[in-house]
Amino acid sequence: MIIKILITGGAGNVGGALARELVLNSYIEVTILDNLSTGMVDKLPSNDYKNWSFINADVNNFSEVSKIMFNNNFDYVFHYAAVVGVQRTLSNPKSVLDDIDGVRNILELSRKTKVKRVFYSSSSEVYGEPVEIPQNEDKTPLNSKLPYAIVKNVAEAYLRSYQSMYGLSFTIFRFFNTFGPLQSDDFVMTRFIKQAMNGEDITINGDGLQTRTFCYIGDNIEATIKCMNHDFFINEVINIGSDYEVTILELAKIIIEVTGSNSIISHKPALKQGDMKRRKPDISKMKLLMNREMVSLREGIRLVYLDFLNK
């Protein structure tokens, strides 16, 4: 029996990695939808696999996405299409708000085409400045005024509403920083590693004492696929990330050490908004999904570094 899956934003870092993993299963047929505004075709699966297709379309356009969904009758939808990244979302607040249309389109069409479950890529940004550490799925203070965080909160409310009214099942993934070899250069991990490899200054916004956690892409993908395959966390929210907390300054030093770089660390003015002081998720739910130790920060950096060296 063929399982038909739609991935929106499937030419992005996480969506592309998900697609490349899913097509390894011959019983899964993957349709990837992306308008390539930030996605790239080199993140799509290999043409060696014949069980996937790519459609250049905008999920925020109802007419475009409705044709795709009515023509395919998908079993599952991973709605990952979004404008992402702090600087990118601050520079394009209107585009961020437009993503609400995409959420509404996907949910309305999923309801009408009898999709079994919608998986949604929410974000750690919904937590705003944390009221407690670690950040637990049941406590969202809604104190962030950033358009990106507001849209993610609205989208989560849409998912709950469609489940309540129409019985449309969902799982909300709140992604914390996820990195891998195909991540765009405007994200901190990739930027730091490439600066180190090129012997450039590693540039930090502010004093670098803000903390983050970094999840290697393989851990993200394994956890999310297990949610689908084993019917875990239906109509629930789950943090997807690492619980190893590190300052941005410490991250830069670790990258210099792992890469053997001679780079020095320099500081730029702090961002005026969007750079939360702390991030550390409660990943108790995610750990229930994993049957192995998660990839450590140093090992993840090493894997990305080696991938860059081999290109």
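The values are calculated or read from the model by the stated rules, or taken from the named source; none is laboratory data. Since the model is a prediction, treat every value here as computed from it, not as a measurement. Every residue, glycine as well, gets a Cβ built from its backbone with ideal geometry; the counts of neighbours run over all protein chains shown.
Tallying residues that are loosely packed, with under 14 Cβ neighbours inside 10 Å and aliphatic (A, V, I, L, M) within segment 26-45 yields 2.
Here's the yes/no breakdown for (1) assigned to a loop (DSSP other than H, G, I, E, B); (2) assigned by TED's automatic domain parsing to the domain that holds Gly16; (3) out of contact with any Leu (no Cβ under 7 Å at 6 or more places or on another chain):
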residue: Val118; (1), (2), (3): no, yes, no
residue: Val126; (1), (2), (3): no, yes, yes
residue: Glu132; (1), (2), (3): yes, yes, yes
residue: Asn143; (1), (2), (3): yes, yes, yes
residue: Tyr148; (1), (2), (3): no, yes, yes
residue: Ala157; (1), (2), (3): no, yes, yes
residue: Arg160; (1), (2), (3): no, yes, yes
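For every residue, the table says whether it meets (1) farther than 28 Å from His230 by Cβ; (2) under 15 Å from the mean Cα position of the chain (by Cα).
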| site | (1), (2) |
| --- | --- |
| Ile2 | no, no |
| Gly16 | no, yes |
| Ser26 | no, no |
| Leu97 | yes, no |
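Summed over segment 164-203, residues that are farther than 25 Å from Asn143 by Cα and not in a loop (DSSP other than H, G, I, E, B) total 16. Every listed requirement among (1) aliphatic (A, V, I, L, M); (2) over 26 Å from Ala11 (Cβ atoms); (3) modelled with pLDDT under 95; (4) out of contact with any strand residue (DSSP E or B) (no Cβ under 6 Å at 6 or more places or on another chain) is met by Leu209 save one, (4). The set of residues from segment 114-133 being at pLDDT 95 or above and surrounded by fewer than 18 Cβ atoms within 10 Å (Cβ to Cβ) comprises Lys114, Lys116.
Does Asp48 qualify as being surrounded by 19 or more Cβ atoms within 10 Å (Cβ to Cβ), charged (D, E, K, R) and without any contact (Cβ under 8 Å) to a residue 60 or more places away in the chain? Step through it out loud before you land on a result.
Details: surrounded by 19 or more Cβ atoms within 10 Å (Cβ to Cβ): no; charged (D, E, K, R): yes; without any contact (Cβ under 8 Å) to a residue 60 or more places away in the chain: yes.
No, not satisfied.
Looking at segment 257-295, which of the residues that are within 19 Å of the chain's Cα centre (by Cα) and among the small types (Gly, Ala, Ser) is surrounded by the fewest Cβ atoms within 10 Å (Cβ to Cβ)? Of everything passing the filter in segment 257-295, Ser284 is surrounded by the fewest Cβ atoms within 10 Å (Cβ to Cβ). For the structure I just gave you, tell me whether Met197 is of a type outside the set (Gly, Ala, Ser) and either over 26 Å from Ile7 (Cα atoms) or surrounded by fewer than 17 Cβ atoms within 10 Å (Cβ to Cβ) (or both). So Met197 passes the test. Go through (1) of a type outside the set (A, V, I, L, M, F, W, C); (2) assigned by TED's automatic domain parsing to the domain that holds Ser95; (3) surrounded by fewer than 19 Cβ atoms within 10 Å (Cβ to Cβ); (4) within 20 Å of the chain's Cα centre (by Cα) and name the single condition Lys152 misses. Among (1) of a type outside the set (A, V, I, L, M, F, W, C); (2) assigned by TED's automatic domain parsing to the domain that holds Ser95; (3) surrounded by fewer than 19 Cβ atoms within 10 Å (Cβ to Cβ); (4) within 20 Å of the chain's Cα centre (by Cα), the lone unmet condition for Lys152 is (3).
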